[in-house]
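The values are calculated or read from the model by the stated rules, or taken from the named source; none is laboratory data. On a predicted model such as this, the values are computed, not experimentally measured, just so you know. Ideal geometry is used to build each Cβ from the backbone, glycine not excepted, and the neighbour counts take in all protein chains shown. We work out accessible area using only protein heavy atoms, side chains counted, and drop any ligands, DNA or RNA first. Shrake-Rupley method; radii C 1.70, N 1.55, O 1.52, S 1.80 Å.
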Amino acid sequence: MPRIRLLLALAFAAVLLAVPCANGATSSLVVSQVFAGGGNAGASYTNDFVELLNRGAAAVDLTGWTIQYAPASSTSWQATTLAGSIGPGRYYLVQLASTAAIGSPLPPADATGTTNLASSGGKVALVRDATPLTCGATVGSCSSTAAVDDLVGYGSATDYEGAGPAPALGSATAALRGGGGCIDTNANSADFTSVAPAPRNTVSAATSCTTGTTPSASAGAAVDIDVQPVLSISLERPSLSFGSMLSGSTPAPISERVTVVSNNATGYALTVHRSAFAPADLPLGIAAPPTGSFAAIPIAPAPDRQIASSTTPSAPAGDVWPTSIGFTSALPVVGPGHYTATLTFTVIGL
């Protein structure tokens with residue numbers, strides 16, 4: 001007897017496992033579009049229709065499945081038998097009733113029925129068998145039915161998925177599931193919008209729905225950089241020679257353009273000083289903007305003479321300051337020889 005009881009328990013468990021899951025989890029097969037204005041005045045199409053989409057990665061065999069419809073508050077359902085299969089990413093068009101020959105004909109249907117959908121409100125269920133449903137009087141009653149694969153309540157429907165129904169339909173509007181039919185949050189009011197109908201069938205272009213989470217990983221890397229201050233100076237002439245001159249004469253000035261490159265935000269100052277000539281000093285001077293008149297160049301350690309300044313960074317190629325180097329007076333009477341000195345330009349960041 002204990003052995004018999006064990007076998008019966010295992011058999012009962014197998015039956016429970018074979019029962020289809022209720023509509024708590026998102027299905028790969030969904031109702032993607034509903035149109036109820038077929039043949040009405042101003043209708044876009046002559047027939048009502050229900051469109052399905054296979055959101056999954058494998059074909060679904062529809063043998064034994066039905067599309068069922070009940071008016072808004074009714075629990076009496078009409079069934080339309082489905083046949084064939086829906087490939088991954090493919091649509092399936094179910095043509096239903098027409099009230100008159102108004103509107104365009106539908107594309108070739110994959111299944112046909114005689115159910116007449118109401119525009120103001122109703123319930124459409126995708127069911128895994130042909131047994132007429134008896135649910136729909138209250139919210140959630142059909143979603144908890146094991147054979148219901150998907151449910152769309154629209155308009156004034158008394159049953160629907162989520163917190164509210166899909167929009168009511170019209171002669172020129174359908175309830176369309178978002179994302180080309182891919183979005184399924186189990187909330188009719190969020191998943192569907194009211195738009196112009198656009199029926200698709202099994203020969204329509206396939207779509208691609210991402211139904212899983214793509215594996216990913218990430219890692220962080222610290223990034224740093226030290227931006228160095230830029231402060232440089234270059235001269236038009238690295239050496240200046242006035243040639244051979246006589247005492248009492250005044251040599252012609254020589255141009256010395258000074259280029260400053262600086263990224264200092266508050267600008268810079270350009271100064272100049274010199275060493276004394278040897279073997280005897282001579283009156284060397286400089287002329288710079290804005291006056292352009294010659295002034296004596298200080299001899300270190302006396303303070304430098306400022307000849308230019310800026311309160312902003314230099315241009316990318318540098319700021320060019322034109323100067324002239326010459327003598328503030330005629331050459332004094334000194335002994336003959338080679339006289340030399342050093343001229344130093346300095347740029348200081350402010």
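Values computed for the structure shown
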quantity	calculated
For the range 157-248, average projected area of the Cα convex hull in nm²	20.7 nm²
Cα lying deepest toward the dipole's positive end in the chain, options 142, 30, 60, charges on Cβ	60
With every protein chain in place, the range 262-333: carbon and sulfur % of accessible area (1.4 Å)	63 percent
20 °C / 1.002 mPa s Stokes-Einstein diffusion coefficient of the range 35-191, Kirkwood radius on C-alpha pairs, µm²/s	139 µm²/s
Net charge dipole size for the chain [Lys, Arg +1 and Asp, Glu -1 on Cβ; Debye, nearest 20]	220 debye
Rounded to whole Å, sorted largest first: equivalent-ellipsoid semi-axes of the range 115-217, Cα gyration tensor	23, 19, 15
Nearest 10 degrees, 0 to 90: helix 2-18 Cα axis against the chain principal axis	60 degrees
Under-5 Å amide H pairs with residue 327, H placed in peptide plane, nonlocal only	285
Radius, Kirkwood style, for the range 266-350 when every pair of distinct Cα atoms is counted (Å)	14.2 Å
Ranked packing of 122-135, 299-312, most packed first, by mean Cβ within 10 Å	122-135, 299-312
Within the range 227-350: Cβ-based charge dipole about Cα centre, in debye rounded to nearest 20 (Lys, Arg +1; Asp, Glu -1)	40 debye
Computed over the range 203-268, the ratio Rg/Rh where both radii use C-alpha atoms and Rh is Kirkwood	1.62
Protein accessible area in the range 36-77, 1.4 Å probe - carbon and sulfur %	51 percent
For the chain, accessible area per residue (1.4 Å probe, heavy atoms of protein chains only), Å²	50 Å²
Kirkwood-Stokes translational diffusion coefficient of the range 48-135, alpha-carbon pairs, 25 °C, 0.890 mPa s, µm²/s	178 µm²/s
Rg and Dmax [Cα atoms of the range 201-350; Å; Rg one decimal, Dmax integer]	29.4, 110
Residue-wise HN-Hα coupling along the range 136-150, computed from phi with Karplus coefficients 6.51, -1.76, 1.60 (Hz; x: Gly, Pro)	x, 6, 9, 5, x, 5, 7, 5, 8, 7, 4, 7, 7, 8, 7
For the chain, the fraction of alpha-carbon pairs in successive 10 Å shells from zero, as %	5, 18, 17, 7, 4, 3, 5, 7, 9, 10, 8, 4, 1, 0, 0
Extreme residue, positive dipole direction of the chain, given options 42, 124, 258 (C-beta unit charges)	124
For the range 274-291, Karplus couplings with θ = phi - 60° (6.51, -1.76, 1.60), whole Hz, Gly/Pro x	8, 9, 6, 5, 10, x, 9, 6, 10, x, 6, x, 9, 10, 9, x, x, 6
In sequence order, calculated HN-Hα J values of the range 217-234 (Karplus, 6.51, -1.76, 1.60; Hz; x Gly/Pro)	8, 9, 9, x, 9, 6, 10, 9, 8, 9, 8, 7, x, 10, 8, 9, 9, 9
Pairwise centroid distance, computed over Cα atoms, of the range 41-62 with the range 144-215, Å	10 Å
Largest to smallest principal axis extent of the C-alpha atoms in the range 143-199, angstrom	33, 24, 19
Relative contact order of the range 213-290, pairs being alpha-carbon contacts under 8 Å that are 6 or more residues apart, as %	31 percent
Amide H within-cut-off set for residue 170, under 5 Å, with H built and near neighbours excluded	36
